[in-house]
Amino acid sequence: MPILSDIDHLFKSLIETPLSTLGDVPREELPVIVIDALDECGGLRHDSAGRRDYESLLRTLKHWVEIDHLKKFKLVITSRPEDGITQTFPESISTHVNIPSGNDVKLEDKASDDIRVFLTSKLSGMGMEEAWVTEALDYLVPRAAGMFIWATTVADFLQTLPAKRFLTLQTKNSKNDRERFKDLYYLYSTVVKTSFGGLKEEEIKGVTSVMGAMISAKQPLNDDALMMLPGESRAGTCCD
């Protein structure tokens, strides 16, 4: 199996070679390749090896417009407009589409429509009255500000005690916090405070142990790793 740094080999074996075997496929049936969050490639790695991997990936992706049999396939890349990426894919060889987020999003934008559809599906399955669902949608959709992760976090948060937790979100949105509420981190803060506000002292120690290990490791921890933590029985108590 090729190592992760062998970007050229991975591109050839996973994309270029398989697509070259498709032959004369009707245009409307051609696959679309999506690379999401290219700017976040490499995760938390900031060493020289991680940087080389990232730059190699950019060079490899640019081959897309240089290889004849790949030109007919659509490559969709989502990313923040970082200099390295925009320079690799200038408008002369690609089509740039700006997707507004945050304060730039308006209620009539497609992003808000998509979030409303998603939240409607989630809220309608919570067993609440239709009037409550409508009120919640009218309140939550504008505050999502086009951020789907905001909408999914809210939907998960409201799965338990939806009426009570929705009231918590409304209460947190005082006049002074109106702009802060649009911030994803402020939503996370509300979720954490609500979810862990009633923990006992021993449970808090367990959560602190697990979270501290995750932050130090800078990667997800599997069950075997968690069992090696001091006080793993306490950590298991609060997470079951």
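Tabulated values for the structure
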read-out	value
Footprinting exposure proxy for V210, V76 (fewest neighbouring C-beta atoms within 10 Å first)	V76, V210
Residues of the stretch 146-164 with amide N under 13 Å of the 7 Å Cα→Cβ point at W132	158-164
Length released on extending from T171 to Q159, taking residue separation times 0.36 nm less the Cα-Cα span	2.5 nm
Extended-chain gain in nm, criterion 0.36 nm per residue less alpha-carbon gap, V65 and E40	6.8 nm
Of K74/K110; K12/K74; K12/K110; K12/K72, those spanning more than 28 Å from alpha-carbon to alpha-carbon	K12/K110
Rounded FRET efficiency, nearest 0.05, which uses the C-beta distance separating D6 from V32 and R0 of 25 Å	0.50
Segment H96-A213, extension gain: residue separation times 0.36 nm, minus the distance between their alpha carbons	38.1 nm
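Rule-based calculations on the coordinates, nothing more; no lab input. Since this is a predicted model, take the numbers as computed values, not measurements. A quick note on method: Cβ atoms are made from the backbone with ideal geometry, for glycine too, and the neighbour counts reach across all protein chains shown.
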